[in-house]
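Read the figures in this text as sums done on the coordinates, not as results from a lab. On a predicted model such as this, the values are computed, not experimentally measured, just so you know. Cβ placement follows ideal geometry from the backbone for every residue including glycine, while neighbour counts extend to all protein chains displayed.
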Amino acid sequence: MLTTAISIIDAYINFDERFTLNNINWTVEPSQHWVITGTNGSGKSALAAVLGGVGDLESGSIQGIPTNVGLVSFEAQAELIAKELKKDDADIMDVISVGTPVREMIFDDCADPELAQTLIEKFGLTTLLDRAFRKLSTGETRKVMLVRALSSKPDLLVLDEPFDGLDADTLIMLQAHLASIVDTVPMVMVLNRFDEMPDFITHVAYMDKVQLDKKDNKSNTAVGNLALTIDRQDKTAFEDLYQLLHLKTTDLKIPAAGSSNQLPGLDASQPLVRLKGVTIKYEDTVIVDKLNWTIEQGQHWQLSGPNGSGKTCVLSLITGDHPQCYVNDIFVFGFQRGNGESIWQIKQFIGYVSTALQWEYRVSTSCRNVIISGFYDSIGMYSKSTDNQKKTANEWLELLGMRDRADQPFNKLSYGDQRLLLIARAMVKHPPLLILDEPCLGLDDMNRQLVLALIEKICAASETTVLYVNHHAEDKITGIDNYLALKKNN
Amino acid sequence: MSNNYFNTLPLREQLAQLAKCRFMDISEFPEGVDALKGKKIVVIGCGAQGLNQGLNLRDSGLDVSYTLRAAAIAEKRQSWKNATENGFVVGTYEELIPTADVVLNLTPDKQHTPVVKEIMPLMKKGACLSYSHGFNIVEEGMQIREDLTVIMVAPKCPGSEVRAEYVRGFGVPTLIAVHEDNDPKGEGLALAKAYAVGTGGHKAGVLMSSFIAEVKSDLMGEQTILCGMLQTGSILCFDKMVEEGIDAGYASRLIQYGWETVTEALKYGGVTNMLDRLSNPAKIKAFDLSEELKVIMRPLYNKHQDDIISGHFSKTMMEDWANDDVNLLGWRAETAETNFEKTPAGDVEISEQEFFDNGILMVAMVKAGVELAFETMTAAGIVADSAYYESLHETPLIANTIARKKLYEMNATISDTAEYGCYLYNHACLPLLADFMKDIKTDVIGKGLSTEDNGVDNARLIEVNAALRNHPVEAIGGVLRGHMADMKKIV
């Protein structure tokens, strides 16, 4: 039984140079039961394996890992099988080795033979006891590993995807058994499927992949990061995590704009946006000084710069929201500004999200209508929506895991949920240009993860050109490779 | 001195003009801004209405520039800054007026006569002059050159809201009119419609009215229910609560934010909904109080309407203009010295429902004021649509200004004309309600009804509910709010 907490502080842990866990801070108390979850390749199994003593600690500290850890994972399983095969190769006698029989695998060094016997029967392994371990199927091997770990009187149980590949009856049996031992041993499980999480789990750790800077020469190394830990008592955070995993792990398709929402065609030979020597000034203060900038179709950009460098001003010249767009040389979506075009002719080509927009979007309209309003570039809905638009909006709500909130008033949602809906609003018509002005500003970690996940899906899945504004380097978006940095003018 | 235009008309024509008001359907605007496309629009004045309307028109693809007095340009006054920082061309009257196809006069009412006299000789032959309030034409009898088209486009909201609603993709309800004596080419209506589209007004509802109906109803609404009743009610309710021993900070907060809260219910569902927010006994109480108030105040409402129709109001006010605003400025100073104005809102929490429960008298005053203004206007020949917009519709807008900075903000936001009328009303109404206020106790203002007497007589409740729902302002309100609700689902 674990008596002191396991404590991992500022740890960088290497796994065969292929994988690194980055800056891990994590405490497991003896009374807690954890699930580790996250996207594929984010290091869930690696973090679990650390508790089984795997990996090279490069810096930081790991304390309190007990000596007797019951570890079940694909990696441990593969290792054990590899060991068995080696035995065979090493056999110098002129007989064909059958390898270690299952009985031996289980009962040698078994701390609780009585329990082992019971579990063998429950797992239906009785008839396999005399078979060679390495001749078993993957599922059978997995069951043997579980019996070994459970009957070893472990101080800590680490179970990486223990329910994978089990038939329904066995799954129920195993869950019931685990539930019966919660008071005797702390457990850490890796689970991909949220709905398999047993009721006794008290905490959730969420892992995320880290995007490496190119200058860091380890481009072959994937890096995992412990992004969040959540107490299950925190219902809101728990629900948000469910939503996040839904987004990250489902094979998403961005809903089509629908046939009734066709935009006028754009000349492919023309840039989307061309600013020539644009200047914004108030009285004697120059905010933007003679800026030239061209955005070609399909060219994703990141715009950065310190506060007051005019990022938002430049964007509002493009969207037509800045009054000085009429005194500058601005070409957007086929219009040279100031020649009798209306602002709505410009806005129809743009999807836009910013903190200011969220501020302005103080309406009592429904969540579904907020998404549909993206077809009209309006804040609130002032026209009757079509059935097609409703269908598209429903698909978006589905994608966001918010289908059941379609008719709820938008202004009653959390800040992060509102932001997600506004991103859907910006994308709903598949605009040629999607402008995301600090989309993560003011969001907590959980909602930031949600928003980034959504934007990545959008970048990957649609024909939209993305213009992303941010000064947080960690919020980089895969697929953006053009950068414009604005400097403060005074 | 000026010559009142309305009084020069025969009765038949007066009645016809007063009765002019029709709610236009959005389908009546298929040409959009076409009638103004390519025309040069020059705006005089760059205050809240001038700037925000200009921004909307330009964003609708129209050619807008601003003309200011040479001194305003030379001294780089706020109006000059407003226009230049927003990227507009700015020039003097001499530079820009001769080039204009349409001139929008968006200066304050008081300046209309000198401004119009100055620009008229400079205007191109056959151009259009647009007003946002008909006072100059109707009350001052300004004569406009025969070749010029004269129209009115009046958004029924403050300038900042005209812009904010446009940016959201909507607009604000807008009144349009053509001055029939000045429509030589018959293009006035087309120009006014295009202008309303350019500011987004067509999405929120356009009322086609006349210069006369606009002036006579606008003056009536602003000086009675909109500003006058709220000012008088604020002073009376505050003094009564303090007299009855209620904490002054609480009283101040209850009134400052109470008007806004109760009229919010009015905006959504008319007088009926405002009273439905009360408990049954409180509703009957509010109803009875308002009936009493209506009897006491009806002669005052009639007098205001009579003076507006006869031109007596504008005549006396213009005399004050000519006398350096002595009355206006004196009354303004007096208002600043009232106890309500001088007592800051206390740091106490008042829930939304508490504003109703403890403000039964305020609800009764709003109901009495709205119904009286509506009844008086319609009795004077103004049609229900107009009377609704100039009474019930605008009450929440004015109540918002009191919530911002009490009576000072209200009187600063409204025009000098409205402010002058508001003080006239207030001075007459305070003594009129003195006896009525003697019987008022904290059960209807400050503390709410005691919960012991929660019973009501069924027959009486049915009677009260029927009376509320059958008032003519509720009938037209239901129709007009229905038009709005189809389009506007926004707070």
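What the table shows:
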item	result
Mean ellipticity per residue at 222 nm, deg cm²/dmol - from DSSP H runs of n ≥ 4 across chain B, formula -39500 (n - 2.57)	-18000 deg cm²/dmol
Cβ-derived FRET efficiency at R0 45 Å, A:Y242 paired with B:I462, nearest 0.05	0.30
Angle between chain B longest axis and helix B:416-432 axis [Cα atoms, degrees, rounded to 10]	20 degrees
Burial order of peptide ranges B:438-444, A:369-375 (average beta-carbon count within 10 Å, highest first)	A:369-375, B:438-444
The stretch B:218-302: C-alpha gyration tensor shape, a/c 1.5 cut-off, then a/b vs b/c	rounded
Segment A:W344-A:T126, extension gain: residue separation times 0.36 nm, minus the distance between their alpha carbons	71.1 nm
Peptide A:376-387 - average C-beta neighbours from other chains (10 Å radius)	4
Phi to ³J(HN,Hα) by Karplus 6.51 cos²θ - 1.76 cosθ + 1.60 over the stretch A:285-299, Hz, x for Gly, Pro	8, 9, 8, 10, 10, 6, 8, 10, 7, 10, 10, 7, 5, x, 9
Estimated 222 nm signal from helices in chain A, with DSSP H stretches of n ≥ 4 weighted -39500 (n - 2.57), rounded to 500	-9500 deg cm²/dmol
Average Cα contact separation per residue, chain A, under 8 Å, 6 or more apart, as relative contact order %	16 percent
Pairwise FRET efficiency - B:E28 versus B:A336, Cβ, R0 = 51 Å, nearest 0.05	0.65
Where no second cysteine Cβ lies under 4.7 Å, the cysteines concerned in the protein assembly as shown	A:C110, A:C313, A:C325, A:C367, A:C440, A:C459, B:C21, B:C46, B:C128, B:C157, B:C237, B:C429
Least to most buried among A:L441, A:L51 (fewest other Cβ within 10 Å first)	A:L441, A:L51
Per DSSP, loop chymotrypsin sites (Phe, Trp or Tyr not before Pro) in the stretch B:63-134 with at most 16 further Cβ within 10 Å	none
Under 5 Å, built H, 5+ apart or other chain: amide partners of A:K281	A:I287
Estimated inter-spin distance, B:A74 and A:A111, nm [label 7 Å along Cα→Cβ]	9.7 nm
In range of the label at A:T27: residues from the stretch A:224-239 whose backbone nitrogen is under 19 Å from the point 7 Å along Cα→Cβ	A:226-234
Sequence-distant aspartates and glutamates (8 or more away, or on other chains) whose Cα lies within less than 12 Å of A:K290	A:D329
Cβ-defined net charge surrounding A:L119, 15 Å radius [Lys, Arg +1; Asp, Glu -1]	+1
GluC sites (Glu not before Pro) within the stretch B:319-392: DSSP coil, no more than 16 neighbouring Cβ in 10 Å	B:E337, B:E349
Mean-position separation - Cα centroids, the stretch A:6-32 and the stretch B:138-201, in angstrom	70 Å
Proximal aspartates and glutamates to A:K135, defined as alpha-carbon separation beneath 13 angstrom and excluding residues fewer than eight positions away on the same chain	A:E84, A:D88
Extension reserve of the A:E104-A:R403 stretch, reckoned as 0.36 nm per residue once the Cα distance is removed	102.3 nm
Within the stretch B:1-30, trypsin sites (Lys or Arg not before Pro) in DSSP loop having at most 10 other beta-carbon neighbours inside 10 Å	none
Long-range amide H partners of A:L228 with built H, under 5 Å	A:Y206
Shape call, the protein assembly as shown: gyration tensor on alpha carbons, a/c limit 1.5	prolate
Relative contact order of chain B, defined on C-alpha pairs under 8 angstrom at six or more residues apart (%)	18 percent
Degrees separating the helix B:312-322 axis from the principal Cα axis of chain B, which is the longest one	70 degrees
5 angstrom amide H check on A:W301, placed H, neighbours 5+ away	A:V466, A:L467, A:Y468
Tensor-based shape of the stretch B:213-487 (alpha-carbon gyration tensor, a/c under 1.5 rounded, otherwise prolate or oblate)	oblate
Greater than 31 Å apart at Cα, pairs in A:K235/A:K347; A:K281/B:K342; A:K44/A:K391; A:K390/B:K39; A:K391/B:K156; A:K429/B:K37	A:K235/A:K347; A:K281/B:K342; A:K44/A:K391; A:K390/B:K39; A:K391/B:K156
Residue among A:T465, A:A149, A:S59 farthest towards the positive dipole end of the protein assembly as shown, charges placed on Cβ	A:T465
Net lengthening on full extension, A:T386/A:T138 (0.36 nm per residue, minus Cα-Cα)	84.0 nm
Helix B:326-336 vs. chain B, principal-axis angle (Cα, 0 to 90°, nearest 10)	40 degrees
Hits among lysines - C-alpha to C-alpha of B:K303 under 16 Å, sequence gap 8 or more where chains match	B:K216, B:K294, B:K315
Antiparallel DSSP beta bridges within the stretch B:21-209, as percent of all bridges there, nearest 5	30 percent
